[in-house]
Amino acid sequence: MTDYVRQDAIDTTWRAVVDTARRTAAEGLVVGTSGNVSARLGELILVTPSGVPYDRLSPDDVVGVDLDGRQVLGTLGPTSELPLHLEVYRHTGARAVVHTHAVHATAVSTLVRELPAIHYMTAALGGPVRVAEYALYGTEELARNLAGALEGRTAALLRNHGTVVYADTLDRAYDHTAQLEWMCHLWLLASSLPGRTPTLLTSAQLAETASKLSTYGQPG
């Protein structure tokens, strides 16, 4: 199956996966070897390995699986959260997935069924971010719970666990992960003031933002 994917594409994408994983650690979205990152090349999924510190990964440590979870590249075992990543790729147009244990987002996951629309960047994730019900990490049950929370969304919180965000690029998946953590922090701060209730955005306001975001950034 890897015969249909150019080696230079595999090398470039693997470097991006490792760089993104290292960034999640450097910017405090994970601790130790928690969290994981993946990217899709055709039918090949490159994913961080289980239990290996990101700063120890080299170009030779590439880990690749197919959409059925069969390992087709590398000798290190894939992340224990492989079912979660595969669930996203099988049912969405994702090209990249970032999973973290970001502290504010995880805190919010213990308090509500969805993150309220506290900021207009909620629109970039498809709407208020739902919380997937708790299940043991690395299980098919957790992957199924995530799938339900992701309907119509590109991000979800995992109850008492963390975040999952997908996008068409690793850069965008990481950026939206960071935005989600920031919004969770914002909501926790605003909702913690005694006697005060945060103002939330309406569906119409989010739709207006989504339309404007569709032309945000540089052409191409």
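The values are calculated or read from the model by the stated rules, or taken from the named source; none is laboratory data. Worth saying up front: this structure is predicted, and the values here are computed from it rather than measured. We place every Cβ from the backbone using ideal geometry, glycine too, and count neighbours over all the protein chains shown. Surface areas here come from the heavy atoms of the whole protein model, side chains and all, with no ligands, DNA or RNA. Shrake-Rupley method; radii C 1.70, N 1.55, O 1.52, S 1.80 Å.
A39 satisfies every condition listed in (1) touching a residue at least 60 places away in the same chain (Cβ under 8 Å); (2) in a helix (DSSP H, G or I) except (2).
Yes or no, residue by residue, for (1) over 22 Å from L158 (Cα atoms); (2) part of a helix (DSSP H, G or I); (3) open to solvent by 10 Å² or more (accessible area, probe 1.4 Å):
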residue	(1), (2), (3)
I10	yes, yes, no
D60	yes, yes, yes
S80	no, no, yes
V88	no, yes, no
A94	no, no, no
V97	no, no, no
H104	no, yes, yes
L111	no, no, yes
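Output yes when any residue across region 124-142 is under 29 Å from S211 (Cα atoms), among the hydroxyl-bearing types (S, T, Y) and surrounded by 15 or more Cβ atoms within 10 Å (Cβ to Cβ), and no when none is. No - not one qualifying residue is present in region 124-142.
Flag set for T75, criterion: free of Cβ contacts under 8 Å to residues at least 60 places away in the same chain and farther than 20 Å from L180 by Cα.
Listed by position, the strands (runs of 3 or more DSSP E) enclosed by region 122-218 that each have at least 3 residues that are in contact (Cβ under 8 Å) with a residue 60 or more places away in the chain are 162-167.
Residues that are out of contact with any Ser or Thr (no Cβ under 6 Å at 6 or more places or on another chain) and closer than 17 Å to L111 by Cα were ranked within region 143-157; the one that is surrounded by the most Cβ atoms within 10 Å (Cβ to Cβ) is A156.
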